[in-house]
Structure formats: structure tokens, C-alpha cells
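Worksheet for the structure shown next.
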Amino acid sequence: VDMLHEEGLDNVFARHARFAEATRRAVKAWGLEVLCRDPKYYSPTITAVLVPDGHDADAFRNLALNTFDISYGMSFGKFAGKFFRIGHLGDTNDLTILGALAATEMSLALSNIPPKKGGVQAAMDYLVSAHSRGARAAAE
């Protein structure tokens, strides 16, 4: 709790929103879909990623865990086996979110889901842009 107050809640919320947007841009670059179709309902804490038909999200999660020691949230209900969840909240910074996205991109490649690459680059481009805007605003 002290860390939250030290950083400031507005800064914590902004950081989570920044990592959520970076994650969604990575998902789009990979050619995948976010489970939530309406952007006004996007979560600042977790992104659910649909896998293409014919692929098993649970098999993907197991491969990622066994290969890169990264754990994703599972799918449930009528979407069981159809999506995995990437968390982007808590004690996370630019490098840890990029590391998680890199592990995701490598796991997707190993699972042959999908053929597109460049998600990590899309996330990096967004984060650099966000920092650039913040540096300009701070200088004004």
C-alpha cells in the first residue's frame, strides 16, 4: 500500500492503462483478437486473447509455461480453451511487460499461432511514443 501511495494512484492507473494499450497493440500486430470487442470495456489490468479456430489455448499456455516459465490466465465457460489472458498490473514496468510480450510472441511462434510477428515491436513503439509525449509535457 505504501508503494501505491508513493507512486500516486493516478500514476498507477496511467501505468496500467499504458501497459494495457501496449499489450492490445501487440495482440493486433500478431493478427489475433482481444476477446472484448468494445474498446470502452477494455480492462486496464488484463487482456484476454482469442486463439484462432483449430488451436487450443490451454495447450499454448502449457507450452509457454514449460518453455519460458511464463504463466497466463486460463479461459473458462463457453470460451474454455479458446483464449488466454495476459496480466499487466501490479509490480510491472516497461521491461517486464515487454519481456512477457516477447515470451508470448515466441510461444505463439512455437505453437504456430499465428504466422504474424511484430507484436513486441508494436508495443515498444507505443511505449516509446507514450514516454516521448510525457517528456514533452513535462518540459512544457
Report task. Name every residue in region 100-140 that is within 17 Å of His16 (Cβ to Cβ) and surrounded by 13 or more Cβ atoms within 10 Å (Cβ to Cβ), in order of residue number. Result -> Ala100, Leu101, Ala123, Tyr126, Leu127, Ala130
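When you go through Ser107, Ser111, Ser129 one by one, which is the residue that is without any contact (Cβ under 8 Å) to a residue 60 or more places away in the chain and closer than 22 Å to Pro44 by Cβ?
Numbers: Ser107 fails: closer than 22 Å to Pro44 by Cβ; Ser111 fails: closer than 22 Å to Pro44 by Cβ.
After applying the criteria, what remains is Ser129.
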Query raised in the report: When region 71-97 is examined, which residues are found to be free of Cβ contacts under 8 Å to residues at least 40 places away in the same chain and either of a type in the set (Ser, Thr, Tyr) or open to solvent by less than 30 Å² (accessible area, probe 1.4 Å) (or both)?
Result: Ser71, Tyr72, Gly73, Ser75, Gly81, Phe84, Thr96
Query - Subset of region 11-69 (residues that are among the hydroxyl-bearing types (Ser, Thr, Tyr), in a helix (DSSP H, G or I) and either in contact (Cβ under 8 Å) with a residue 12 or more places away in the chain or open to solvent by less than 40 Å² (accessible area, probe 1.4 Å) (or both)) - result: Thr23, Thr67
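The values are calculated or read from the model by the stated rules, or taken from the named source; none is laboratory data. Bear in mind the structure is a predicted one, so any value in this text is a computation, not a measurement. Backbone-built Cβ (ideal geometry, glycine too); neighbour counts: all protein chains shown. Quick note on the areas: whole protein, heavy atoms, side chains included, nothing else; ligands and nucleic acids left out. Shrake-Rupley method; radii C 1.70, N 1.55, O 1.52, S 1.80 Å.
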